[in-house]
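This report concerns only the one structure given below.
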Amino acid sequence: MKSTYIHLAAGQLRQLAAEAASPRSPAPRPSPLAPLLCLLLILTGCPRPESEPRPGPVRLPLEGVTLRLAVVDDPALAAAVVQARGEWNAQTGAELEVTEISEKELERAETLPADAVLCPSHTLGILAERDLIAPVPKNIIRGDQWNGIFDLPKLREAAWGGRIVAVPFGSPVFCCYYRADLLEKLGRRPPRTWNEYRELAELLAKNSPLPLGEGPEANSPLPLGKGPGVRAPWSATIEPLAPGWAGLTLLARAAPYAKHRDNFSTLFNIETMAPLIAGEPMVHALEELVAAAKLGPDDPFQFDPAKVRAAFQRGECGMAISWPTAAVEVKGLAAFESRGLAASAASDSARVGFAELPGSRRVFNLSENEWNKRADDDDRRVPLLAVSGRLGVVGKGSPHRKAAFQLLLWLSDDRMSPQISALSPATTMFRQSNLDVPGQWIEETVLHAAASQYGEAALAAFSHEQWLGALRIPGRAEYFAALDEAVAAAVRGEKSAEEALQQAADRWREITNRLGLDRQKAAYRHSVGLE
């Protein structure tokens, strides 16, 4: 009965309004129903127009979509994504399934094993050459979130053959750790060239801050020797020369010597695929590496980047080559003090410093087959990309490509990147906004001033015009195994730098021919930005 009256009231009101609006209609007489209509309107409110939809539950943009994300060889990164997927679901309505796979499984897969994959930077070439991944949409590349990424990660490392095919999640380059308090005492500054690095290492070797002890346990808990006068372990510098890292360290040293701005050919000749690793720039870099290794620990081949960081934090060296990370807690301060360093040095906010890896005032011009002095407007420093790092890619055959790219952009944006990427030891800061929170990317023992210094060094390294890419072509592991062996043979004194690298070059040639010369040539050209 109530609905009947309401319907009647609405009809009466519409009739009255129509009559009032008609210029030809006489003035309406008061309706005997008017008091009743007013009462009904007060009790029930104004009726909703029949054309206006009734409010319903809000539908989220990706409701009903289930996305699959695979994380390659990075348990910490996978755990961080799992932690965030509840928020992703609440914001978008999409369900997220996270799986972990190995690099070998990824390489064997005929199609991408998920809608999106977070993979090591160097695997991009394998996936791109097999045409398994989709290019990043132009609307993302033109967006504000993309603009906030450092230049080299988004323009070079995420590119293949001139196309952007991946979303950066952070890719560290080697940097130089140094004891700022010691350099200050010696009246030196961080090295800007590899010549300065060598001179500083020689000076640090002669000026160990660790005092002579009275026995093997006087300055160290380790059994260092017998009798009085035994010195605690001290290295002028430590570099990552463990298997899997020695070849990368050599390329990082060789980059400013080998990367001429007029030459694309650096590791291979882009026309013939002849290996160039036995050329003058590489030989010179290996000779310098061997000299520095003599000022380092007795067994340099045990040190990967993590062990280098730990040794530096324990106060065992004056310089080191690695990169910082907050992903692994390094209890360095207590060990630092236990080595007999003065308390004032251990508490000095400047005791740890960071700088870009050194560069060179000269470069080898392959076209002219001679060394050139770098022009005044030419960068002395040339960073090595794809040393480590993570990229996000989307499968070409995914039925949810747009949603998958949206997921990758969300996980790597200004707000989420410190919660996701910073938890992986394979990444580093890669956005302008990351510079505002440098402590989230640095080990806890590093104070804020030094953390900010690293942010400045990282920004500078990722802003250079010249760069060298670590191999991202099929067969990378084999190529680097041969280069690792060459470095080890030279450091041990078994071969000269030239002989060791010539043997590695022969191995590289065999690997290339076995994998297919034309295939490898196409991949290498794409890796340096050529179509």
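When you check A34 against the structure, is it crowded, with 17+ Cβ neighbours inside 10 Å and either modelled with pLDDT under 95 or in the same structural domain as E107 (by TED's automatic domain parsing) (or both), yes or no? So A34 does not fit the description; no.
Scan the range 452-476 for residues that are touching a residue at least 60 places away in the same chain (Cβ under 8 Å) and either in contact with a Ser or Thr (Cβ under 7 Å, 6 or more places away or on another chain) or not in a helix (DSSP H, G or I) (or both) and the total you get is 14. Residues in the range 158-185 that are basic (K, R) and either in a helix (DSSP H, G or I) or in contact with a strand residue (DSSP E or B) (Cβ under 9 Å, 6 or more places away or on another chain) (or both) were compared, and the one that is surrounded by the most Cβ atoms within 10 Å (Cβ to Cβ) is R179.
Here's the yes/no breakdown for (1) charged (D, E, K, R); (2) over 20 Å from V352 (Cβ atoms); (3) modelled with pLDDT of 95 or more:
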| residue | (1), (2), (3) |
| --- | --- |
| R163 | yes, yes, yes |
| A166 | no, yes, yes |
| V173 | no, no, yes |
| Y197 | no, no, yes |
| L200 | no, no, yes |
| S208 | no, no, no |
| P211 | no, yes, no |
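Screening P418 against (1) assigned by TED's automatic domain parsing to the domain that holds W88; (2) without any contact (Cβ under 8 Å) to a residue 12 or more places away in the chain leaves a single unmet condition, (2). With the condition kept exactly as written, say whether any residue in the range 379-395 is at pLDDT below 95 and among the charged types (D, E, K, R). Within the range 379-395, one or more residues are at pLDDT below 95 and among the charged types (D, E, K, R).
Residues of the range 400-456 that are in contact with an Asp or Glu (Cβ under 7 Å, 6 or more places away or on another chain), closer than 20 Å to P153 by Cβ and charged (D, E, K, R): R431 alone. Set side by side, the residues A477, A488, A457 differ, and just one is at pLDDT 95 or above, over 20 Å from the mean Cα position of the chain (by Cα) and outside the structural domain of R163 (by TED's automatic domain parsing), which is A488. Here the strands (runs of 3 or more DSSP E) wholly within the range 348-397 that include at least 1 residues being acidic (D, E), free of Cβ contacts under 8 Å to residues at least 40 places away in the same chain and in the same structural domain as P243 (by TED's automatic domain parsing) are 370-373. Can I442 be described as closer than 30 Å to F364 by Cβ and surrounded by 21 or more Cβ atoms within 10 Å (Cβ to Cβ)? Judged against the criteria, I442 is not a match.
Taking the criterion of being within 26 Å of the chain's Cα centre (by Cα) and among the β-branched types (V, I, T), the only residue of the range 503-531 that qualifies is V528. Checking P240, P256, P233, P275 one by one, the residue that is modelled with pLDDT under 95, buried (at least 18 other Cβ atoms within 10 Å of the Cβ) and of a type outside the set (K, R) is P233 and no other.
The values are calculated or read from the model by the stated rules, or taken from the named source; none is laboratory data. On a predicted model such as this, the values are computed, not experimentally measured, just so you know. Glycine gets a Cβ as well: all are built from the backbone with ideal geometry, and neighbour counts include every protein chain shown.
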